[in-house]
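Working notes for the structure below.
The values are calculated or read from the model by the stated rules, or taken from the named source; none is laboratory data. Values in this document were obtained by computation on a predicted structure and should not be read as measured data. No Cβ is skipped: glycine too gets one built from the backbone with ideal geometry, and neighbour counts run over all protein chains shown.
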There are 2 protein chains.
Amino acid sequence: METSYKAYKALLNKLSDINYSAAVLGWDQEVYMPTKGADRRAQQLSTLSGISHELFTAETTGTLLEALAKDASLNEEEQANVKETARSYKDSKKYPTEFVMLMSRTTSEAFQAWDKARKSNDFSVFAPFLQKLIDLKKHECKLLGYTEHPYDALLDQFERGMTCKQLDTLFDEVKRELVPLVKQIAACKQNEHAFLHLHFDKQKQWDFGIDLLKQMQYDFESGRQDVSSHPFTTSFSAEDVRVTTRINETDLSEMIWSCIHEGGHALYEQGLKADNYGLPSGEAVSLGIHESQSRMWENQVGRSLAYWKKNYPTLQGYFPEQLKTISVEDFYKAINVVQPSFIRTSADELTYHFHIIIRYELEKALIEGSLEMKDLPAAWNKKYKEYLGIDVPSDAMGVLQDIHWSHGGFGYFATYSLGSFYAAQFFAQAQKDIPGLEAQIEKGELSNLLQWLRTNIHQHGKRYNPNELCKRVTGEELRFSHFLAYAKNKFLPLYGIDNK
Amino acid sequence: METSYKAYKALLNKLSDINYSAAVLGWDQEVYMPTKGADRRAQQLSTLSGISHELFTAETTGTLLEALAKDASLNEEEQANVKETARSYKDSKKYPTEFVMLMSRTTSEAFQAWDKARKSNDFSVFAPFLQKLIDLKKHECKLLGYTEHPYDALLDQFERGMTCKQLDTLFDEVKRELVPLVKQIAACKQNEHAFLHLHFDKQKQWDFGIDLLKQMQYDFESGRQDVSSHPFTTSFSAEDVRVTTRINETDLSEMIWSCIHEGGHALYEQGLKADNYGLPSGEAVSLGIHESQSRMWENQVGRSLAYWKKNYPTLQGYFPEQLKTISVEDFYKAINVVQPSFIRTSADELTYHFHIIIRYELEKALIEGSLEMKDLPAAWNKKYKEYLGIDVPSDAMGVLQDIHWSHGGFGYFATYSLGSFYAAQFFAQAQKDIPGLEAQIEKGELSNLLQWLRTNIHQHGKRYNPNELCKRVTGEELRFSHFLAYAKNKFLPLYGIDNK
């Protein structure tokens, strides 16, 4: 058996070929697959993931990685790649096949039950399946191992090194700062935003979205946009990175900010080094950092006044009747309305984080056993009242709203908030590093910002873990103060509140 | 190791999962893939085909098949499946890995050379690569083995059991009958067809194509149509069978008959038994039989007067300006013009077969060594003069026109003609078996014909070889006389010639 770095690269290329092939099937499934193709497609995807898992967890992989760990001829980047793969190999080996199969079967059943429960607004239909998943996840925490809190094992899968201890501290600060800020805003007169719900033609919306992606310098020779019911980004190499959007003819916001958001994810993937295909140095760091890219484009850039000074005239050109009497300043106010609501995916930039914190706290309580399944809906509603001041009208609009738990996705809601906070911190740094950034955005010149992201974040792939990367880019670890400053600077003036 | 029929089915399902996954990637490559994704896609496809080949040719597969060959508990269909897989396994094992890799490398180079040669109209650029391919194919004939003629080994890959001896007899008859028929037509006044080259809006053409596919009962819940530069059909199971078309705004014919042609292929794939996924009984018999389905729908149905009596008013509805003064009878004449030409893919129903015979005769001569590479272009041009009476203006429009040879595709052009002849024979039988078939077509009622095809051909998959199937369906082996009768009945009246 060959134990060279070349053999390692060949193995990782082969694994990526299989995994990216599965991604193509997944993309097609969401975008173009005819309905009756679903069952066989699920089977095909399961076969590919089985082949990939088997290949990666083979003893020969372990032998190869051990040999390379002792190979003094490797350069620093090569060593980092091998180390990262070894970490991931070690994790993969912790899962017995029976566990993987049981998890797969349970999530299939749980998804069906969740779908039914939500449609019939009946939590009791989902509860026993969610309980099974929690039990399996508890077991998974043991398999993976942890030092302080079992939930740390789940967090680490999505955000390397993240712990409950860090998150608790962070989220305590978030609550301390954002609860009064949101209350302060709620006491003000709400800004006008009804005009965003006039009728906006599908094709024109689509064309405008393409304009925005081009302006962001999303490379259409290395990607494409299609329509799907839930917008997403997927990639099959750094040279084939695809986005999807959805278009709602009575809500202009959906298309615009899903385009910019997914465009931000896609720029990250397109900015990975193509030659590092399959290697950790050719893959995104973490979900949190990934989300920082989408959120920065969506919010710091895409909901700024400067951005719309450039793009609003174009939008008015597409929709003169609907927008001719609305000034860019009023448009800017409308797209930045802050208002507590029930549904996470349509929440504004500030209240969004309460949706996340609630999910994080409940997941953690379920995993550590301090919350019983039967008490979950009441706990959910109590927290919505406490943090957002609203009464959840039904479980369908409450505890049953997200698909994630039914897929066994515990431990990654937090990365959405982390992404926003990283975004604010990175953008603050970019503002320091790029003189005249706002003026550039106002002219639609986004290449310096993109170049800054490429240099500081994209090109490194998994070379550094999220904490290290954040320190390298901004000189300090993740701090909520950057987001808070951004939020106050932006939203207080929008509601005519003095920013003392 | 388990040697049950269940284990056999599991293996064949897994193989199909991999092969159909590759087909999804292939479909995407032709239809939606952004340009820069090409290199990694080629690598991903090659990895999947490698995994599939390795799995199929493993010694364990041989052991399993041997055990099942002796298993008396299998029913007739199960035995037929095992036998067919064993045949295919035996063939696969004949290829040494080095040969497969050398062939793959050579075809890659040959394709580049062919592309360059065609663009520069310079056969000498392609000749050395074509020679390499011929040498490899000669070697392949030896690897596969044959009884009479080396080329038989190549034919057998696409049309089980077909031999040069059979084809020579068949094609001699074709030439004997069709050369004078085409000459007779050429002496007549040509029918008017210039109006097919007016401007026809893309979207309207697309909509009409969808109408036609629906009328054929192509199931859009188990498939979809997209646009690609070369129309094709592909399938990922009997429940996900996709077609593509191309639309030329100044040639109405391209979209219409590519839609019907690919629709015919797709109905075959959708008619395979979904439960037989992965098994020989769930796969199409042969290229010739596959082509019989596309050609029958395209020609016997789709170029008949009855068909257009139903559909021409709809077409006129889409294009009133272009077609209002053209009667259905004149339209029928225009779409059935017979005229010798240089390019195979745009040839009419009759002269098409000379294009095929020329390629067959030249391939055979190259493989048996009776024709030297340097003499190929002259031999090509000589045959075009002899069979079609035309002077080939350039190698680009002559010997360099097809992509097939550069891909190493030797031995399957013949299946295109076989398909036409099978189509005529099957359709003649369908006319006997379905009373009032023509009247049904005239009303757009195509379900009895489809049902007849489902029952007699589609549902059997590879259960019978092409010869056996033809005998079962029509009571006799393939005979050219059915095509000839069809051709005379159709084309002589179209040109006002007495059919004595």
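Odds and ends about this structure:
- In segment A:30-67, the qualifying residues are those that are more than 9 Å from every other protein chain (Cβ to nearest Cβ) and of a type in the set (S, T, N, Q), and the one that is nearest to the chain's Cα centre (by Cα) is A:Ser49.
- For segment B:165-174, the set of residues classified as over 16 Å from B:Pro466 (Cβ atoms) and under 21 Å from the mean Cα position of the chain (by Cα) consists of B:Asp168, B:Phe171, B:Val174, listed by residue number.
- Top-ranked residue in segment B:202-231 [being within 19 Å of B:Ala22 (Cβ to Cβ) and modelled with pLDDT under 95; ranked as nearest to the chain's Cα centre (by Cα)]: B:His230
Conditions (1) within 30 Å of A:Ser222 (Cβ to Cβ); (2) out of contact with any Gly (no Cβ under 9 Å at 6 or more places or on another chain); (3) of a type in the set (Lys, Arg), marked per residue:
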{"residue": "B:Thr3", "(1), (2), (3)": "no, yes, no"}
{"residue": "B:Lys9", "(1), (2), (3)": "no, no, yes"}
{"residue": "B:Ser21", "(1), (2), (3)": "yes, yes, no"}
{"residue": "B:Gln43", "(1), (2), (3)": "yes, yes, no"}
{"residue": "B:Thr47", "(1), (2), (3)": "yes, yes, no"}
{"residue": "B:Ile51", "(1), (2), (3)": "yes, yes, no"}
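- Test: residue in segment B:165-187 that is closer than 20 Å to B:Asp330 by Cα and surrounded by fewer than 14 Cβ atoms within 10 Å (Cβ to Cβ): yes
- Criterion: hydroxyl-bearing (Ser, Thr, Tyr) and in contact (Cβ under 8 Å) with a residue 60 or more places away in the chain - qualifying residue of A:Ser481, A:Ser447: A:Ser447
- One residue from A:Gln440, A:Gln451, A:Gln429 being farther than 17 Å from A:Gln215 by Cβ and either in the same structural domain as A:Glu239 (by TED's automatic domain parsing) or assigned to a helix (DSSP H, G or I) (or both): A:Gln429
- Some residue of segment B:243-259 being in contact with a Gly (Cβ under 9 Å, 6 or more places away or on another chain), assigned by TED's automatic domain parsing to the domain that holds B:Arg344 and of a type in the set (Lys, Arg): no
- Taking segment A:463-492 as the range and being surrounded by 15 or more Cβ atoms within 10 Å (Cβ to Cβ) and among the basic types (Lys, Arg) as the test, the residues that pass are A:Arg463, A:Arg479, A:Lys488, A:Lys490.
- In this structure, A:Lys324 does not qualify as surrounded by 15 or more Cβ atoms within 10 Å (Cβ to Cβ) and of a type in the set (D, E, K, R).
- Here A:Gly26 meets the list (1) crowded, with 19+ Cβ neighbours inside 10 Å; (2) within 26 Å of the chain's Cα centre (by Cα) almost entirely, failing just condition (1).
- Residue identified as over 25 Å from the mean Cα position of the chain (by Cα) and within 14 Å of another protein chain (Cβ to nearest Cβ) among A:Lys6, A:Lys83, A:Lys14, A:Lys70: A:Lys14
- Exclusive hit being in contact with a Pro (Cβ under 9 Å, 6 or more places away or on another chain) and either at pLDDT below 95 or of a type in the set (Ser, Thr, Tyr) (or both), set A:Thr234, A:Thr250, A:Thr244: A:Thr244
- Lone qualifier among A:Glu98, A:Glu148 - being outside the structural domain of A:Ser281 (by TED's automatic domain parsing) and either farther than 23 Å from A:Gly408 by Cβ or without any contact (Cβ under 8 Å) to a residue 24 or more places away in the chain (or both): A:Glu98
- Residue tally, condition in contact with a helix residue (DSSP H, G or I) (Cβ under 6 Å, 6 or more places away or on another chain) and either among the polar types (S, T, N, Q) or loosely packed, with under 14 Cβ neighbours inside 10 Å (or both), over segment A:95-117: 3
- Search result, residues across segment A:121-133 that are surrounded by 14 or more Cβ atoms within 10 Å (Cβ to Cβ) and either closer than 30 Å to A:Ile51 by Cβ or without any contact (Cβ under 8 Å) to a residue 12 or more places away in the chain (or both): A:Phe129, A:Lys132, A:Leu133
- Residues being out of contact with any Lys or Arg (no Cβ under 7 Å at 6 or more places or on another chain) and either over 13 Å from A:Ile289 (Cα atoms) or assigned to a helix (DSSP H, G or I) (or both) - total across segment A:409-426: 11
- The lone exception for A:Gln79 - which of (1) polar (S, T, N, Q); (2) within 14 Å of A:Ala23 (Cα to Cα); (3) without any contact (Cβ under 8 Å) to a residue 12 or more places away in the chain it fails: (2)
- Of the residues making up segment A:44-64, those that are over 13 Å from A:Ala86 (Cα atoms) and buried (at least 18 other Cβ atoms within 10 Å of the Cβ) number 6.
- Condition met for A:Gly288 (at positive phi and either in a helix (DSSP H, G or I) or within 12 Å of chain B (Cβ to nearest Cβ) (or both)): no
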